[in-house]
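In what follows, a single structure is set out as structure tokens and then discussed.
The values are calculated or read from the model by the stated rules, or taken from the named source; none is laboratory data. Given the structure is predicted, the values throughout are model-derived calculations rather than measurements. Using ideal geometry, Cβ is built from the backbone for each residue, glycine included, and neighbour counts are taken over all protein chains shown.
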């Protein structure tokens, strides 16, 4: 007999978990390895138990479903179960990973399971689809309010107003904040697009700075500027960065 | 409110024109009926009417201090009688001395002035009465307009609160999750599913048929809020608890409508939704000095990162309380050690 599919249910409402559990009862090929009530527990559970399939709510205490996905290493196949239709993109329903709008029928649930099972059986391509989904969702969201970082076993949630500046480091960025410095696997472009441009400015190819922390702009030599932060850190400012910075600071 | 005869150019102009008109009549009367010489009549009317023109402006101050809010009608009548006598006396005498000095060598004019003193005094009383009456009309008209303005502002704020609440209550997160709970209960506990359906229905009904009242009884407000809390309770059965401690004085008291509901919504949104621990929402009410104090408090996870848009609901409540009771600081917020507390003081 084939190995059973390991499924994890992540939702902060018991009744919502119950209905998934009940629906899943008919599938002998799927085994429920656990339930989580929040993003923190889920991150831990996923890294320990490595489920094949997760049922994921979006709005949860501590970490939202999306924030949770950002920090897990090998995301399993995901079926979102949520009341938020603004994140649903109908087009993705024909793809492997599914998006169930609460309340959902048993038939609709069966469709989702079929897609997920197919995806698990021939694994290729699943990551790409998820990435596509995430990208779309991020674009629709308003500006970032917080950034989630996993460092070792610890998870840090940093409100964006505590970020001092962001530095490019190859495929990663280093986030300098009041709480410490954190490496995150995202691009500068991502932060440039998702942080509020009234608060965060790309002052240089390698730097995005929070204007709340900028004390002054210093002229180093002709047409070369530095941004001096309140804790006397100096960041280089490019020509175009200088223009933007000047405009915003003059306001 | 400042003196409208000085501050309001329109009122000032009308007032000035009235006095020009009175001077003219004055002139005509004494020239044709009393045979006063034209030059003397002209001077006299200018002097006396300019004097009253100025006195009349200052009468505003006696009127604005003698309102029904400050004194009893009898006291006001006495004050004004005294003021009328004094004002008229000052007016007649000062006019008399000015004119006597100007026409010092005309004995017949001086006699005429002296003899007409009593008549002038009567006219002074008459002017006083008219001026004061007009002042009162202006004051009450202004108060009336202010009241209308405040009422319309209040209505706008209540509408805003209702709209926000409505928007919140019929948002997908609340409605669809509640429906999902019902869907789940139909499988596990049909009786409870039916109960939840009824709760959700009565809650939606009460939400959609909000009446226009500015104030309602505390118990009614609690009843509506409880419909909402009951539904959240089904969703998060063991995650929160609602406790109410009302002293007997509070049961029948009237409070501005829709001020409690947003506070409970806040407690659920920022407390229950964001916390892993059990959240206790407490409603307390009891007398404190000349107020009835209502407290809504809940514990929350201090580590949860605050989201934008927080505190807008509370600001609305603060504005409304200020407009209704004409008093500042009736709503205070305390936030420490993971306890969020809103105090509302209702004047008795």
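Matching residues to (1) within 14 Å of chain A (Cβ to nearest Cβ); (2) in contact with a helix residue (DSSP H, G or I) (Cβ under 9 Å, 6 or more places away or on another chain); (3) in contact (Cβ under 8 Å) with a residue 24 or more places away in the chain; (4) buried (at least 21 other Cβ atoms within 10 Å of the Cβ):
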residue	(1), (2), (3), (4)
B:209	no, no, no, no
B:215	no, yes, yes, no
B:231	yes, yes, yes, yes
B:238	yes, yes, yes, no
B:249	no, no, yes, no
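Would you be able to say whether some residue in segment B:300-310 is at pLDDT 85 or above and touching a strand residue (DSSP E or B) at 6+ places or on another chain (Cβ under 7 Å)? Spell out the reasoning first.
Quick first cut of segment B:300-310, residues at pLDDT 85 or above only: B:300-301.
From what's left, touching a strand residue (DSSP E or B) at 6+ places or on another chain (Cβ under 7 Å): B:300.
The answer is yes, given that some residue of segment B:300-310 is at pLDDT 85 or above and touching a strand residue (DSSP E or B) at 6+ places or on another chain (Cβ under 7 Å).
Of the residues making up segment B:93-121, those that are in contact with a helix residue (DSSP H, G or I) (Cβ under 8 Å, 6 or more places away or on another chain) and in a helix (DSSP H, G or I) number 14. Considering (1) more than 14 Å from the chain's Cα centre (by Cα); (2) over 21 Å from residue A:76 (Cβ atoms); (3) modelled with pLDDT under 85, say which one residue A:126 fails and leave the rest. Checking residue A:126 against (1) more than 14 Å from the chain's Cα centre (by Cα); (2) over 21 Å from residue A:76 (Cβ atoms); (3) modelled with pLDDT under 85, the one that fails is (2).
The rows are residues; the columns are (1) crowded, with 21+ Cβ neighbours inside 10 Å; (2) closer than 20 Å to residue A:67 by Cα.
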{"site": "A:167", "(1), (2)": "no, no"}
{"site": "A:170", "(1), (2)": "no, no"}
{"site": "A:175", "(1), (2)": "yes, yes"}
{"site": "A:178", "(1), (2)": "no, no"}
{"site": "A:182", "(1), (2)": "no, yes"}
{"site": "A:191", "(1), (2)": "yes, yes"}
{"site": "A:198", "(1), (2)": "no, no"}
{"site": "A:209", "(1), (2)": "yes, no"}
{"site": "A:214", "(1), (2)": "yes, no"}
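Within segment B:298-313, residues that are at the interface with chain A (Cβ under 8 Å from one of its Cβ atoms) have Cβ atoms under 6 Å from residues that are at pLDDT below 80 and surrounded by 17 or more Cβ atoms within 10 Å (Cβ to Cβ) in no pair, counting only partners at least 6 apart in sequence or on another chain. Among the residues making up segment B:243-276, those that are farther than 13 Å from residue B:221 by Cβ and part of a loop (DSSP other than H, G, I, E, B) are B:247, B:273, B:274, B:275, B:276.
Residues in segment A:25-55 that are in a helix (DSSP H, G or I) and within 12 Å of chain B (Cβ to nearest Cβ): A:39, A:40, A:41. Do we find that residue B:89 is touching a helix residue (DSSP H, G or I) at 6+ places or on another chain (Cβ under 6 Å), at pLDDT 90 or above and not in a loop (DSSP other than H, G, I, E, B) in this structure? In short, no. Among the residues of segment B:264-275, not a single one is buried (at least 21 other Cβ atoms within 10 Å of the Cβ), in contact with a helix residue (DSSP H, G or I) (Cβ under 6 Å, 6 or more places away or on another chain) and farther than 22 Å from residue B:162 by Cβ. Which members of segment B:186-207 meet the condition of being within 10 Å of chain A (Cβ to nearest Cβ) and in contact (Cβ under 8 Å) with a residue 12 or more places away in the chain? Selection gives B:192, B:196.
Just for segment A:1-24: of the residues that are within 13 Å of chain B (Cβ to nearest Cβ) and more than 16 Å from residue A:109 (Cβ to Cβ), which one is farthest from the chain's Cα centre (by Cα)?
Quick first cut of segment A:1-24, residues within 13 Å of chain B (Cβ to nearest Cβ) only: A:9, A:11-24.
Next, from what is left, pick out any that are more than 16 Å from residue A:109 (Cβ to Cβ): A:12-14.
Details: A:12: 18, A:13: 22, A:14: 24 Å.
Step by step, filter segment A:1-24, then rank; the result is A:14.
Over 22 Å from residue A:114 (Cβ atoms), touching a helix residue (DSSP H, G or I) at 6+ places or on another chain (Cβ under 9 Å) and modelled with pLDDT under 90: does that describe residue A:35?
On the way: over 22 Å from residue A:114 (Cβ atoms): yes; touching a helix residue (DSSP H, G or I) at 6+ places or on another chain (Cβ under 9 Å): yes; modelled with pLDDT under 90: no.
Criteria not met by residue A:35.
Checked against (1) more than 14 Å from chain A (Cβ to nearest Cβ); (2) modelled with pLDDT under 90, residue B:285 meets all criteria but (2).
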